[in-house]
1. Would region 21-31 turn up any residue that is surrounded by 16 or more Cβ atoms within 10 Å (Cβ to Cβ) and more than 14 Å from Ser127 (Cα to Cα)?
2. With more than 14 Å from the chain's Cα centre (by Cα), touching a residue at least 40 places away in the same chain (Cβ under 8 Å) and not in a helix (DSSP H, G or I) as the only criterion, which of Met32, Met1 stands out?
3. How about region 110-129: which of its residues are touching a Pro at 6+ places or on another chain (Cβ under 7 Å) and either free of Cβ contacts under 8 Å to residues at least 12 places away in the same chain or closer than 24 Å to Val80 by Cα (or both)?
4. Which residue, of Val79, Val68, Val137, Val142, is more than 20 Å from Met19 (Cα to Cα) and touching a residue at least 24 places away in the same chain (Cβ under 8 Å)?
5. Just wondering, is there one or more residues in region 45-55 that are under 13 Å from the mean Cα position of the chain (by Cα), within 14 Å of Leu132 (Cα to Cα) and without any contact (Cβ under 8 Å) to a residue 60 or more places away in the chain?
6. Kindly indicate whether Gly82 is touching an Asp or Glu at 6+ places or on another chain (Cβ under 7 Å) and small (Gly, Ala, Ser).
7. Tell me which of these Ile107 doesn't satisfy, since it passes every other one: (1) surrounded by fewer than 20 Cβ atoms within 10 Å (Cβ to Cβ); (2) in contact with a Pro (Cβ under 8 Å, 6 or more places away or on another chain); (3) on the phi > 0 side of the Ramachandran plot.
Amino acid sequence: MNILGAIVAGLVGTVVISMIMMMAPKMGMPKMAIWEMLGSMFSAEGNVGMGWVMHFMAGVVFAIIYAVLWTAGLGSAGVVGGAVFGIAHWLVVGLMMGGMPMMHAGIKAGSVQAPGIYMLNRGGMMSFMGGLMGHVVYGIVVALIYVAFV
């Protein structure tokens, strides 16, 4: 496994998915600013800068997980492998969104709306599909950047 490649791939993948999230409302989709939700996780007032740091850290951690799995022989770093891992990634984190109220200060204080599983409470099927497509693109970008390092 190439750790530097995984870190760079995670950073680039996170930039790309963040750009998609920023453009979502301009394309008629719901707001998908996960950095705002992450930034309000520890206090009702929130800290968007901390949310961005957490978002990028998660992007790097997931890229490292992808690289470990590819190195272990589970799939391969390419367009299909990246898309499949992106789908699996979204399935896991989308379910985890349902548990956010248990550990989120902003939701507990009522200053942030609970997203629900797959963010269905914050945009319905548009959020579901936007999240899925964003994670597929993230997975593909991570795979293509990572394969350039190995």
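1. Checked region 21-31: no residue is surrounded by 16 or more Cβ atoms within 10 Å (Cβ to Cβ) and more than 14 Å from Ser127 (Cα to Cα).
2. Selected residue: Met1, the only one of Met32, Met1 that is more than 14 Å from the chain's Cα centre (by Cα), touching a residue at least 40 places away in the same chain (Cβ under 8 Å) and not in a helix (DSSP H, G or I).
3. Those that are touching a Pro at 6+ places or on another chain (Cβ under 7 Å) and either free of Cβ contacts under 8 Å to residues at least 12 places away in the same chain or closer than 24 Å to Val80 by Cα (or both): Asn121, Met126, Ser127.
4. It is Val68.
5. Among the residues of region 45-55, not one is under 13 Å from the mean Cα position of the chain (by Cα), within 14 Å of Leu132 (Cα to Cα) and without any contact (Cβ under 8 Å) to a residue 60 or more places away in the chain, which makes the answer no.
6. No.
7. So Ile107 meets the others, but not (3).
Values in this text are rule-based calculations from the coordinates and carry no lab data. Model, not experiment: these values are computed from the prediction. Heads up, the Cβs are rebuilt from the backbone with ideal geometry, glycines too, and the neighbour counts pull from every protein chain shown.
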